[in-house]
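Okay, so here's the structure we're looking at.
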Amino acid sequence: LFVIEILYDSSDGIKAAQGTGFFLKNIGIITCAHVVIDEKKVPFEEIDFFTHDNHGKKEKCQVSKIDIKRDLAILKPLNDKFLDNYEGLKYSLENFETGEIVKLIGFPAYKLGQTLYIIDTKIATTYGQHGISKFEIDKTIREGNSGGPVLNENNKVIGIASEGADKSSGNNA
């Protein structure tokens with residue numbers, strides 16, 4: 001897993017964006033599209049990523065593929081050999097059910113030296129939104145966890161954290 005970090009100029013001055021990414025075997029680094037696009041929905045050109053235990057060694061990547069509707073992006077490290085050192089997570093195409101125990105992993109509100117945030121949760125409901133299948137978990141998805149994987153009991157990716165709820169509305173989807 002990686003911390004995704006972007007510093008960019010906006011109309012309000014220099015801002016920072018942060019999210020989570022993970023290496024999906026044979027695919028690349030996966031994150032949410034909303035983590036790596038600006039207010040005009042244009043992908044950032046300079047994207048840093050690093051492991052939580054080596055924040056001083058930032059690598060650069062760029063958006064390889066993006067689907068804003070599904071809120072997914074595949075990032076490609078500028079150093080072609082970088083991912084050779086990592087095994088990568090595998091994904092599952094198995095069906096899942098409401099009530100199934102899953103793990104949410106990521107870096108919400110990342111601070112230097114912070115370890116992985118891993119929380120056991122369960123699938124609370126499934127639903128469709130704009131033609132896309134989604135599920136909601138019974139725990140809060142916090143800012144910065146966007147792009148983090150949701151793993152089944154076999155530690156295979158079944159989803160990605162893309163949306164958090166607040167006290168009055170929204171979904172932890």
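In the context of the full set of protein chains, the chain has a per residue accessible area of 58 Å² (1.4 Å probe). Using the average count of surrounding beta-carbon atoms within 10 Å as a protection proxy, the listed peptides 127-138, 152-163, 60-71 rank, highest first, as 152-163, 60-71, 127-138.
With all protein chains present, how much of the accessible area of the chain (probe radius 1.4 Å) comes from carbon and sulfur, to the nearest whole percent?
Details: 4730 of 10020 Å².
About 47 percent, which is the carbon plus sulfur part of the accessible surface.
The orientation-averaged shadow of the Cα convex hull for the chain, equal to a quarter of the hull surface, comes to 10.5 nm².
So which of Lys81/Lys111; Lys81/Lys139; Lys25/Lys111; Lys57/Lys134; Lys40/Lys90; Lys15/Lys90 end up more than 29 Å apart, counting from Cα to Cα?
Numbers: Lys81/Lys111 27 Å; Lys81/Lys139 36 Å; Lys25/Lys111 27 Å; Lys57/Lys134 35 Å; Lys40/Lys90 33 Å; Lys15/Lys90 33 Å.
Check vs 29 Å cut-off fails for Lys81/Lys139; Lys57/Lys134; Lys40/Lys90; Lys15/Lys90.
If you take every residue apart from Asn154 with its C-beta less than 10 Å away from the C-beta of Asn154, what net charge results, scoring Lys and Arg +1 and Asp and Glu -1? Result for the neighbourhood of Asn154: 0.
Please arrange Thr121, Thr98 by accessible surface area, largest first, computed with a 1.4 Å probe and ligands excluded. List each step's numbers first, then the result.
Details: Thr121 5, Thr98 85 Å².
Sorted descending by solvent-accessible area, the residues read Thr98, Thr121.
With springs connecting C-alpha atoms under 10 Å apart, model the chain as a Gaussian network and identify which of Leu75, Leu93, Leu116 has the largest mean-square fluctuation. Fluctuation is largest for Leu93.
The values are calculated or read from the model by the stated rules, or taken from the named source; none is laboratory data. Computed from a predicted model, the values in this text were never measured in an experiment. Reconstructed Cβ throughout: ideal geometry from the backbone, glycine too, with neighbour counts over all protein chains shown. When the accessible area is computed, the model is the full protein with side chains, heavy atoms only, and any ligands, DNA or RNA have been set aside. Shrake-Rupley method; radii C 1.70, N 1.55, O 1.52, S 1.80 Å.
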